[in-house]
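Student: Please see the structure below; I have some questions.
The values are calculated or read from the model by the stated rules, or taken from the named source; none is laboratory data. From a predicted model like this one, the values you see are computed outputs, not experimental measurements. Neighbour counts run over all protein chains shown; Cβ positions are idealised from the backbone, glycine included. Note: areas computed on protein heavy atoms with side chains; ligands, DNA, RNA excluded. Shrake-Rupley method; radii C 1.70, N 1.55, O 1.52, S 1.80 Å.
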Amino acid sequence: MTPTITAFESSPDRGRGLARDMAVRWALEEVGQPYDVRLVSFAEMKQPAHLSIHPFGQIPTYEESDLALFESGAIVLHIAERHAGLLPADADARARAIAWMFAALTTVQAPIVEREGFILLEKDRPWFAERLPLLDGRVRDRLVQLSARLGDADWLDGGFSAGDLLTVNVLRRPAGANFLGEYPNLAAFVARGEARPAFRRAFADQHAVFAAASAGS
Ligand SMILES: N[C@@H](CCC(=O)N[C@@H](CS)C(=O)NCC(=O)O)C(=O)O
């Protein structure tokens, strides 16, 4: 059965592929699984029908037969477990790739999202200028460590995996991308991810939603 995912009807990122459906689209493209997209408005996400699938009223969700999932990481893991191409066959290598998935969505993403939220919500506050360098420092601390681990390898642990997919996706967020110039190997890592045909297809598809909405408005 063709799975259906949800995405923003009108994404605040204006088609830059920063909403979390991007990771799910990319994973589906990597494994060659066709999918349908149901576009939802902010109001629809908070209605009972959507809340029955996503308890927090967000995107993305994933529906396939009787299975309904939320959380982009869980969805990407589900896709990776059911199709070849995103997790190594060797059990230990597979466990390490899954560890990178968790690292991307927790350890790496946390300071990036904290800085993003701070800039969005507190830029007019009197403490903004004093606190921003602290949050910049937290992002840099993570990127220094990630950069040291990646070294001159193409991917984080052997071949491309769902761990790389989620890490690239997190580093593309503005608060991560802002610092990539300081870490050339991470910039190259993100560029390698973005150059993958599956990424390009996923990006084009989500951008087409924005383009169509703009044309109609
Ligand atoms: N941890 C969740 C985060 C989901 C999330 O934050 N979704 C955003 C779009 S990227 C959303 O739906 N925001 C609208 C809202 O929270 O009302 C995941 O990775 O799926």
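Student: Please specify each residue of the stretch 60-80 satisfying the condition of being open to solvent by 60 Å² or more (accessible area, probe 1.4 Å) and under 18 Å from A104 (Cα atoms).
Tutor: Listed by number, the residues that qualify are F70, E71.
Student: What pairs come up if the first residue lies in the stretch 52-70 and is touching a residue at least 40 places away in the same chain (Cβ under 8 Å), the second is of a type in the set (D, E), and their beta carbons are under 6 Å apart, counting only those six or more places apart or on different chains?
Tutor: Every condition considered, the pairs that remain are I59/D21; P60/D21.
Student: Could you please let me know if S147 is open to solvent by less than 60 Å² (accessible area, probe 1.4 Å) and within 14 Å of N185 (Cα to Cα)?
Tutor: yes
Conditions tested, residue by residue: (1) within 12 Å of the ligand (Cβ to nearest atom); (2) among the polar types (S, T, N, Q); (3) not assigned by TED's automatic domain parsing to the domain that holds A175.
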| site | (1), (2), (3) |
| --- | --- |
| S11 | yes, yes, yes |
| R14 | no, no, yes |
| A19 | yes, no, yes |
| A27 | no, no, yes |
| V31 | no, no, yes |
| R38 | no, no, yes |
| S41 | yes, yes, yes |
| E44 | yes, no, yes |
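Student: Would you check which residues across the stretch 18-50 are without any contact (Cβ under 8 Å) to a residue 40 or more places away in the chain and not in a helix (DSSP H, G or I) and list them?
Tutor: P34, Y35, D36, R38, V40, S41, K46, Q47, listed by residue number.
Student: Another one. Mind checking which residues of the stretch 1-17 are farther than 22 Å from E116 by Cα, open to solvent by less than 30 Å² (accessible area, probe 1.4 Å) and assigned to a loop (DSSP other than H, G, I, E, B)?
Tutor: Selection gives P3 alone.
Student: F203 is checked against (1) aromatic (F, W, Y); (2) surrounded by fewer than 13 Cβ atoms within 10 Å (Cβ to Cβ); (3) within 15 Å of the chain's Cα centre (by Cα) and fails just one. What number does that condition carry?
Tutor: (2)
Student: Got a number for residues in the stretch 52-79 being assigned to a helix (DSSP H, G or I) and near the ligand (Cβ under 7 Å from one of its atoms)? Show your work before the answer.
Tutor: Residues of the stretch 52-79 assigned to a helix (DSSP H, G or I): 72-79.
Next, from what is left, pick out any that are near the ligand (Cβ under 7 Å from one of its atoms): 72-73.
Count: 2.
Student: Hey, among A212, A177, A195, A187, which residue is free of Cβ contacts under 8 Å to residues at least 12 places away in the same chain, open to solvent by 10 Å² or more (accessible area, probe 1.4 Å) and under 28 Å from I119 (Cα atoms)?
Tutor: After applying the criteria, what remains is A187.
Student: Test each condition in (1) open to solvent by less than 90 Å² (accessible area, probe 1.4 Å); (2) more than 9 Å from the ligand (Cβ to nearest atom); (3) on the phi < 0 side of the Ramachandran plot for G85 and report the one that comes out false.
Tutor: (3)
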